[in-house]
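Worksheet: one structure, shown below.
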Amino acid sequence: MGLLDDARELSIYTAYNTNVDAITFLDEETVQGLIDEFGAEAVRKRMDEYPREINEPLDFVARLVHALKTGKPMAVPLVNEELHTWFDSHFKYDIERMGGQAGIIANLLASLDFRRVIVYTPHLARKQAEMFVDRPNLLYPVVEDGRLTFRHPREAYRENDPIKVNRIFEFRAGTTFKLGSETVRVPFSGRFIVSARFESIRIYTEPELKPFLPEIGLQVDGAILSGYQGIKLRYSDGKDANHYLREAKRDILLLKREKDVKVHLEFASIQNRELRKKVIYNLFPLVDSVGMDEAEIAHVLNALGYSKLADRIFTYNRIEDTVLGGKILVDEMNLEVLQIHTIYYIMYITHADNPLSEGELRSSLELATTLAAARASLGDITSPEDFKVGMKVPYNEYGEFVKLRFEEAKRRLRTREYKVVIIPTRLVRNPVSTVGLGDTISAGAFTSYLAMLRKKGKL
Ligand code: AMP
């Protein structure tokens, strides 16, 4: 646990998105019931149309069945607030817990006993605040009498803040149902997220806090920023995505003003191509590190104009294409480090002059997959000791195959100007939950990366 102990000495800032996750564990009857309610033909037709937003129940059913067929985790925005009653009448929620990348990462790092975790989220209703773990190292920035102070989020909530509830449908590999004459068997465990996208929820730093971002930057060793997928193209008060992205850029520059604090951006799926492109072009060049999953790298490449490569990644999931795509992204956005996680492997791509050796980069990924395996086994990580549970989880059965394909890819592609490392994932066969595993991987990878930079005097 040496590397984890080094990482735990760090102080981390994380913003912006938190929400309440209302989780339903899907069973076969429920899925079948939904298909029968709308009719297999109608569901199939809507699946072909592939709605990007959920405006009516059939949009939901179609995208859910699509996710079940592929077994891939997906998130689709819910834009029609009235559908809450439909959801409430069709599902009961088994668990309510912390959701949103910033919230999940804050709880994870605080539970791992990091020196200090400063979490900022622009909306902090009481119920949201109660989702934070009760740890003294977890702090929320508050401006009082013109000065920056910190309180535990549970002591900093604001009664009238809006609250965002995402509905999460966890599904299990092996679940079987009929779509008309077709029998569908879910290939992987995962989750389908219906994410609330309403006017009142915004991604930004409140104007009173903004001037203190340089001071926060000084106090931490790294920042993990996420939630940009929650920005809408337009708001009824006239503000738009350009406005919020300009502010997001300013936030990063302010955090880095007094000290070049390393910033990791955790990228999540953005259904709208225009917004996706804006987030990439505005923010990637300003951050040091980016993390994403395989579907997201394909989307990003598509937005950058590499549609053939993106299609290949979507269709064949070949390591060689992901390495190629990663190289392109690292170069075009001049990232210090890009981390891509998939179900079977995790990868880092950096420029050749990265201060860490390939072995060190690998050990950072090892820590990341071990943490995720611990979380998948336990459902949550509540103490540093939980890490050991992850160490007992075996590498996935394709581990050797992954290494072989990777060596082939390296031979075929020019990789001399880069460091590219890959490790197979430790995969839990029956995960308690799959929510937040990607965030866990990225938080584990980035913080252990920082810890090693620090040891070398490069932080
Ligand atoms: P994301 O799609 O960003 O939520 O990331 C999910 C990641 O979590 C995958 O890429 C895997 O590396 C990891 N993961 C998914 N399922 C499991 C599991 N059952 N056990 C361990 N790790 C998992």
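On the beta carbon distance between D134 and E9, with R0 = 25 Å, the FRET formula returns roughly 0.70.
Using alpha carbons only, the radius of gyration of segment 138-190 set against its Kirkwood radius gives Rg/Rh = 1.43. Computed from Cα atoms alone, the Kirkwood hydrodynamic radius reported for segment 22-174 is 17.8 Å. Checking the cross-link pairs K127/K232; K410/K458; K210/K262; K262/K458; K210/K259; K249/K278 against a 20 Å limit on the alpha carbon distance flags K127/K232; K410/K458 as lying beyond it. Is the shape of the chain best called rounded, prolate or oblate, per the rule: a/c under 1.5 gives rounded, else a/b larger than b/c gives prolate, else oblate, with a ≥ b ≥ c the square roots of the Cα gyration tensor eigenvalues? Taking the square roots of the gyration eigenvalues as a ≥ b ≥ c, the chain is rounded. Between the amide H of K419 and those of T350, H351, A352, distances stay under 5 Å, these residues lying 5 or more places away or on another chain, with hydrogens modeled in the peptide plane.
Entry note: segment 261-306 has Rg to Rh equal to 0.95, where both radii use alpha-carbon atoms and Rh is the Kirkwood radius. Considering only Y120, L301, N19, and ranking their Cα positions along the charge dipole of the chain that arises from unit charges at the beta-carbon of Lys, Arg, Asp and Glu, the one farthest toward the positive end is L301. When a/c reaches 1.5 or more, the comparison of a/b and b/c decides; with that in mind, is segment 228-279 rounded, prolate or oblate per its Cα gyration tensor? Verdict is oblate for segment 228-279. Per-residue ellipticity at 222 nm, computed for the chain from helices alone with -39500 (n - 2.57) per DSSP H run of at least four residues, works out to -12500 deg cm²/dmol.
Carbon-plus-sulfur fraction of the accessible area of the chain, 1.4 Å probe, in percent?
49 percent
The charge dipole of the chain, taken about its Cα centre with unit charges on the Cβ of Lys, Arg, Asp and Glu (plus for the first two, minus for the last two), comes to roughly 1140 debye. Calculated on the Cα set of segment 4-63, radius of gyration then Dmax: 19.5, 56 Å. Each Lys and Arg Cβ is given +1 and each Asp and Glu Cβ -1; about its Cα centre, segment 138-283 then shows a dipole of about 720 debye. Rounded to the nearest 5, the antiparallel percentage of DSSP beta bridges internal to the chain is 45%.
Enter the mean projected area of the convex hull around the alpha-carbon atoms of segment 147-302, in nm², rounded to one decimal.
Average of the hull's projected areas for segment 147-302 equals 12.8 nm².
Length available on full extension from D88 to L253: 0.36 nm per residue minus the Cα-Cα distance, which gives 55.2 nm.
Protection proxy ranking, highest mean first, for peptides 138-145, 353-360, 220-227: 220-227, 138-145, 353-360, where packing is the per-residue count of other beta-carbon atoms within 10 Å, averaged.
Between K45 and K308, the modelled label-to-label distance comes to 3.7 nm, taking each label 7 Å out from Cα in the direction of the beta carbon.
Computed on segment 247-358, the Cα convex hull volume stands at 102 Å³ per residue. Residues in segment 306-319 carry Karplus couplings, in order, of 9, 6, 5, 5, 4, 4, 4, 5, 4, 7, 10, 6, 8, 4 Hz; the curve used is 6.51 cos²θ - 1.76 cosθ + 1.60 with θ = phi - 60°, and Gly or Pro positions show x. Shape class of segment 304-451 from the alpha-carbon gyration tensor: prolate, with a/c at 1.5 or above and a/b greater than b/c.
Net length available on complete extension from N55 to E96 is 12.4 nm, with 0.36 nm assigned per residue and the Cα-Cα distance removed. Please identify which residues in segment 357-373 have an amide N closer than 18 Å to a label point set 7 Å out from the Cα of T415, following the Cα→Cβ vector. Residues passing the 18 Å test: 357-366. Rounded to the nearest Hz, the phi-derived 3J(HN,Hα) couplings of segment 235-245 under the Karplus curve 6.51 cos²θ - 1.76 cosθ + 1.60 (θ = phi - 60°) are 10, 5, 8, x, 6, 9, 4, 4, 4, 5, 6, where x marks glycine and proline. Amide H contacts of L179: V184, each under 5 Å away and 5 or more positions distant or on a separate chain (H built 1.01 Å from N in the peptide plane; Pro and chain starts excluded). Between N317 and L148, the modelled labels are 4.3 nm apart [label points 7 Å from Cα along Cα→Cβ]. Rolling a 1.4 angstrom probe over the protein heavy atoms with all chains in place gives segment 209-290 an accessible area of 38 Å² per residue.
Listed by chain and number, the lysines whose C-alpha is less than 24 Å from the C-alpha of K403, apart from same-chain residues fewer than 8 away, are K72, K327, K392, K419. Taking θ as phi - 60° and the Karplus parameters 6.51, -1.76 and 1.60, the scalar couplings of segment 407-416 work out to 4, 4, 4, 5, 5, 7, 9, 7, 10, 4 Hz in sequence order, x denoting glycine and proline. Near the amide H of T14, within less than 5 Å, lie the amide hydrogens of I118, V119, Y120, I224, all on another chain or at least 5 residues away, with H placed in the peptide plane.
The values are calculated or read from the model by the stated rules, or taken from the named source; none is laboratory data. As the structure is a computational prediction, the values presented were derived from the model and not from experiment. Cβ: placed from backbone, ideal geometry, glycine included. Neighbour counts: every protein chain shown. These area figures cover heavy atoms from the full protein model, side chains too; ligands, DNA and RNA do not enter into them. Shrake-Rupley method; radii C 1.70, N 1.55, O 1.52, S 1.80 Å.
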